[in-house]
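Remarks on the structure that follows.
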Amino acid sequence: MSLSKRYRPGASEPALTRKWQENETYHFQPDSDKPIYTIDTPPPTVSGKLHMGHVYSYSHADFLARFWRMNGRNVLYPMGYDDNGLPTERLVERLLDIRATEVGRQAFIKKCLEISEEAEKDYETLWKRLGLSIDWRYTYRTIDEKSRRLSQLSFIDLYEKGLAYRKRSPTIWCPECGTAIAQAELNDMDRSSEFVTLKFQVDDGTTLPIATTRPELLPACVGVFVHPDDSRYKQLPGRQARVPFFGQDVPILMDSEADPEKGTGAVMCCTFGDTTDVAWWFKYDLELIEVVGRDGLMTGAAGAFEGLALDEARHEIKVVLDDGGYILGREPTEQSIRVHERCDTPVEYVVASQWFIRVLEYKEDLIDAASKVSWHPAHMQTRFRQWVENLNWDWCISRQRYFGVTFPVWYCRDCGEVRIAERSKLPVDPTDTKPSSLCSCGSSQFSPEKDVMDTWATSSLTPQLVAWWLGQSGFDAQTFAPVSVRPQAHDIIRTWAFYSIVKAYHHFGQIPWHEAAISGWGLAQHGTGKISKSRGGGPAPPLEMLEHYSADAVRYWAASTALGKDAIINDEKIMAGSKLITKLWNVARFSSRFFDTDSIQVAPPRLSAADRWLLSRLQKLIRRVTERFIKYDYATAKNETEVFFWNDLADNYLEMAKRRLYDESDSGRDGAVFTLQQALLITLKLFAPFLPHVTEEIYSHVFAEENGFSSIHLSTWPVVHEKFIDEQAEETGVILVQIATAVRRYKSNAGLSLGTELSRLVISGTSSGQREEIRRAESDLLSITRASELSIVEDSLPESDVLAVIGSIHISVYA
C-alpha cells in the first residue's frame, strides 16, 4: 500500500489509538512464558488539571515500556489514580467553594468521589491521546476497595510488628488544612520579617536581651537557653527569667543547640515555634502551654489576645511590648520558614494523638536498601540518602480529614484498648461498623478512629498493587517480587520513593523495585518555573498542544532531555519534532515506491560502497541505541537515531542511491533496494518508542504484510548483524560524504540549485586503494553530485581548478 502525499496526525493519531485498543496491542499476557517487565506507574494525584510537566515525565515511562515490549518482554504497564486524601479534598473545596467541615463527612466524601471520577476521565483521555501504551484493564484508584483493603492490611501488618504506633506528642500541623502532616510535606519559603529584641528580667535584677521574630509566642515561653561556651551568660544557667509583659518565670538552661551568633545568643523556648523547641521540651521536661490552636488562632493561654490570627497577634503584642518599654531594638531580617507544600501555609506544632510508622531507628537500613536499587541518574540515590539522614520525625500517617482510607481501628471506651479489625472483613470503615466481639475487659462500647490515612500511606503500596495482579497477595516476604522499574519525578523522592522503600523494607525486608527512573520537571518558559496541577502556570493545556503540534512532536520534545533533568517547554523543540515527522514520512513515501511484494530479504551479492557504508553504520547505530536504552538513556538513543536518519540516510544515502533506484536495469539496483529497506525499517523501529504514531502508520502501509507483525510495537527490536560491519566501507563512506559536501558547497556559493547537473567530477591525489573504492562508488557519486561523468586521475590538478581538498584528495568540477 502506498503512502498518502501528506501525513495528517490530527486524523491518524486518534485512529491509531482506537486501533490499538481494538487489537489489544498493549495487553499484558498473564499466561505467556515471556520474561515479565513490570512498571510501577505513578498514579497522578487528583488535585487539578494535568499539564505539560506530566506529559514530559509520563512520556519517559512509555519510552521504556515500548522498548522492552519490542525486546520480547511481557510488559505489565498499568495506570492508577491517587484520588484519596488531602490533595483531592482541597481540589473539591476549591471547585465547589466549600469547606469539608461545613458540609459533613458523608456528603463531602460523595462530592470527592464524583469530582475525582470526572477528573480521572480527563486524565485517561490525555494519556490515550499522548499514545501511552497502557493496558487499561489494569487500572486502580487509591480509594477503590482493593486499594483500601491493601492499605488496611499494610497498617495491620505494621501494627502487629510494632512498627505502627499511636502517640500524643507535638505534631507538624497545617492550620489551613486542619490536619497533621509529615516532614516530607514541608517546603521552605523565604519571607521578610523583623527581629525584635526584648527585655527579659533575670531574678538577680539584671536584664537579659533576647531577639525573636515571633513575639506572639511569648505567652507560651517555658524556658530560656544559652550555649555552654558563651562567656556572656555563663553565670545565668540555674537562674530564672521573667517573660516580658506576660510575667511568667522560666528557667535559664544551657544547651549546645543555642547559637551564640544568632540574635543576642540567648533564645527563648516556646511550645512550640520550631523543632528545636520540641526537642528542648522533650529533653528538659518543660511545661506545656498551648497558645496556638489547631485553627491557627490564639488560644485562651494568650489572655487578651485570644482568638486573634497569628499575624494580627504578632502586631498587637508588639504594640503592648513597645508601650511597656520591653523592646530594646528592632531590625529587619530575611528568614526561611517551613510551609505546607499543598497550600504554602506556615506550619505550627500542636500536641495531638497521631499514628506514626517507625523510620528514625531504621535510617541506616533504609539507606542500605536504597543502595540495592539502580537509580537513573545515579546521583538521585544521593538525594535519597541525604533526605533520610536529615529526618527528625517518624512518619506521621494520620490526617484529620474525611476523604481517605480509614484506619481499621476502634478504642474501648472503658479501658482504652486498641481493637484492630479482622483481616477477612477488610476494608472496613470503623465509623460505620463495630468490632464483632467484646473487648478483653468485657466492654462492648467502642469509639471509632475518625482520622484517615495520609494518601502516601496507600500510594506507597503501588508495587504491591502491581504484584497483586501477578498473583501475589498479602504480605508474605516469600512471594513478593520487586517491580522492574519505578518511574517518577525527582521532587517526590522524599515522599513516594522513600515511603515505598519504607513499606517494602518493613513488610518484606526487600526493595520495592529494581530500577528507579527519575524524571525532571517540564518547566514553563520565561522563568516561571515548575507548573502545578492545583496552582496552574505554564503554556496551553496539554490536549491543545497535542492537537496543534501532534502527540509525536510533543513526545519528541519530551525525549530530548535525559532523565533527572528539567526541560523548558519549548515550542521550537516541538516544531523540530514536527519537521522530523514530516521528513520521515516523505522519506518513507519516496522509498516505498521501490519496494514490491517480492521483498529482498537476503543481501544481494553486489553491494555498492555506499550500501556497505550505510549498512555498517546501521549496525553500529543499533548497538549504541540498544545500549543506551538498557542504561535508561533514552535521550541519547533518540538523538543518535535522529542524526543517522538526517545525515546518513536522508541527506546522503538516498541521494547516492537514487540513480540505481530509478534505473531498473542497473545491476546495483537490488543492493540499493535491499539497503534502503533495511535502513528504513530499522530506523522506524528505533524511532518507534518515541514516535509511535507515525512509525506505526508507515509500518502498517509499507512493512506489516511482509514483516509478519500486525504492529511495529509488537515486532522485534533490531539486532546487530556483524557481517555487515565493514570499517573500510565506513572510511570510504566518509570520503564520499565529504566529496558530496564539497560539491554542494560549490553549487551554493555559485548560486546553483543542488539539483543542477554537472558535466564532470574530477578526483585526483588518491592512493591506488582509494581510487578503486571510489571507482566502485562511481554510480553513487554521480547520483549525489548530479555529475554526468567521473574522472579519477593520478596526476595533480591545476591549483586553479581545485574546488576542495580532503586530506590528499583534490576535487574539481566542471559545469
Task: Rounded to the nearest 10 Å², the accessible area of Ser748 at probe 1.4 Å - done: 80
Task: By accessible area with a 1.4 Å probe, ligands and nucleic acids excluded, highest first: order of Leu607, Leu782 - done: Leu607, Leu782
- [ ] Starting from the Cα of Lys262, step 7 Å along the direction of its Cβ; do the same at Thr382; then give the gap between the two resulting points in nm.
- [x] 2.7
TODO: Could you let me know the centre-to-centre spacing of the stretch 13-83 and the stretch 363-382, using Cα atoms, in angstrom?
DONE: 25
TODO: Using a 1.4 angstrom probe on heavy atoms only, work out the carbon and sulfur share of the accessible area of the stretch 366-522 in %.
DONE: 47
Open item on the list: What is the sum of charges, Lys and Arg at +1 and Asp and Glu at -1, for the other residues whose Cβ falls under 14 Å from the Cβ of Tyr814?
Closed with: 0
TODO: For Ser767 paired with Arg168, estimate the spin-label separation in nm (one decimal), with each label point 7 Å from Cα along the Cα-to-Cβ line.
DONE: 9.1
Open item on the list: At a threshold of 8 angstrom on Cα-Cα distance, excluding pairs fewer than six apart, so keeping six or more, what relative contact order does the chain reach in percent?
Closed with: 15
- [ ] Give the distance, in whole Å, between the Cα centre of the stretch 194-264 and the Cα centre of the stretch 581-640.
- [x] 76
- [ ] Please work out whether the stretch 319-442 counts as rounded, prolate or oblate from its C-alpha gyration tensor, where a ≥ b ≥ c are the square roots of the eigenvalues and a/c under 1.5 means rounded, while otherwise a/b larger than b/c means prolate and anything else oblate?
- [x] oblate
Task: For a label point 7 Å along the Cα-to-beta-carbon line of Ala301, residues of the stretch 226-243 with backbone N under 19 Å - done: 241-243
Task: Label corresponding to percent of Cα pairs over 47 Å apart when calculated from the structure given, among (1) 40; (2) 24; (3) 48 - done: (1)
TODO: Apply 1/(1 + (r/R0)^6) to the Cβ-Cβ distance of Val602 and Ser788, taking R0 = 22 Å, and write down the FRET efficiency to the nearest 0.05.
DONE: 0.05
- [ ] On the full set of protein chains, 1.4 Å probe, figure out the accessible area of Val46 and give it in Å² to the nearest 10.
- [x] 0
Task: Potential lengthening between Glu572 and Gln106 on full extension [0.36 nm per residue; Cα-Cα distance subtracted] - done: 162.8 nm
Open item on the list: Rounded to the nearest 10 Å², what accessible area does His701 have for a 1.4 Å probe in the complete protein model?
Closed with: 50
- [ ] Calculate how many DSSP beta bridges within the chain are antiparallel, expressed in % of all such bridges and rounded to the nearest 5.
- [x] 70
- [ ] Among the listed pairs Lys5/Lys579; Lys579/Lys685; Lys199/Lys318; Lys363/Lys503; Lys372/Lys638; Lys5/Lys658, give every one whose C-alpha distance is greater than 22 Å.
- [x] Lys372/Lys638
TODO: Express in whole angstrom the spacing between the alpha-carbon centres of the stretch 129-179 and the stretch 706-778.
DONE: 59
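Please find the FRET efficiency linking Glu730 to Ser444, where r is the Cβ-Cβ separation and R0 is fixed at 60 Å, and quote it to the nearest 0.05.
Details: r = 85 Å, r/R0 = 1.42.
After rounding to 0.05, the efficiency reads 0.10.
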Open item on the list: At R0 = 45 Å, how high is the FRET efficiency between Arg99 and His721 if r is their beta carbon distance? Nearest 0.05 is fine.
Closed with: 0.10
Task: Which of Thr455, Gln381, Leu360, positive extreme of dipole for the stretch 343-478 (C-beta unit charges) - done: Thr455
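For a quick protection proxy, order the peptides 65-72, 408-415 by their average other-Cβ count within 10 Å, most packed first. Intermediate values should be presented prior to the final figure.
On the way: 65-72: 21.9, 408-415: 18.8.
Top of the packing list down: 65-72, 408-415.
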Open item on the list: Over the stretch 162-286, what is the relative contact order in percent, taking alpha-carbon pairs closer than 8 angstrom and at least six residues apart?
Closed with: 23
- [ ] Treat every Asp and Glu Cβ in the chain as -1 and every Lys and Arg Cβ as +1, leave all other atoms uncharged, and give the resulting dipole magnitude about the Cα centre to the nearest 20 debye.
- [x] 1400
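How would Leu360, Leu438 rank on accessible area, largest to smallest, probe 1.4 Å? Intermediate results must be reported in sequence, preceding the final value.
Numbers: Leu360 65, Leu438 100 Å².
These residues rank, largest area first, as Leu438, Leu360.
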- [ ] Round to the nearest 10 and give me the degree value, 0 to 90, for the angle of helix 669-687's Cα axis relative to the longest principal axis of the chain.
- [x] 0
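Give the accessible surface of the stretch 593-678 per residue, rounded to a whole number of Å², with probe radius 1.4 Å and ligands, DNA and RNA excluded. Present the calculation step by step, with values, prior to reporting the outcome.
Working: 3480 Å² over 86 residues.
Using a 1.4 Å probe on heavy atoms only, each residue of the stretch 593-678 averages 40 Å².
For the stretch 291-394, what's the relative contact order in percent, using C-alpha pairs closer than 8 Å and at least 6 residues apart? Could you put the intermediate results ahead of the total?
Numbers: 63 pairs, mean separation 17.6, N = 104.
Relative contact order of the stretch 291-394: 17 percent.
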Task: Point-to-point label distance, Asp322-Glu705, nm (Cα→Cβ direction, 7 Å offset) - done: 8.9
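Working out 0.36 nm times the residue gap between Arg358 and Asp285, then minus their Cα-Cα distance, what length gain in nm do you get to one decimal?
Working: separation 73, 0.36 × 73 = 26.28 nm, distance 2.28 nm.
Computed gain between Arg358 and Asp285 is 24.0 nm.
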Open item on the list: Antiparallel versus total DSSP beta bridges in the stretch 722-815: what percent is that, nearest 5?
Closed with: 60
Open item on the list: Out of the trypsin sites (Lys or Arg not before Pro) in the stretch 113-201, which ones are loop residues according to DSSP with at most 13 other C-beta atoms within 10 Å?
Closed with: Arg137, Lys161
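The values are calculated or read from the model by the stated rules, or taken from the named source; none is laboratory data. Just so it is clear, the model here is predicted, and its values are computed rather than measured. So basically every Cβ, Gly included, is an ideal-geometry build from the backbone, and we count neighbours across all protein chains shown. The area values use the complete protein model at the heavy-atom level, side chains included, leaving out ligands, DNA and RNA. Shrake-Rupley method; radii C 1.70, N 1.55, O 1.52, S 1.80 Å.
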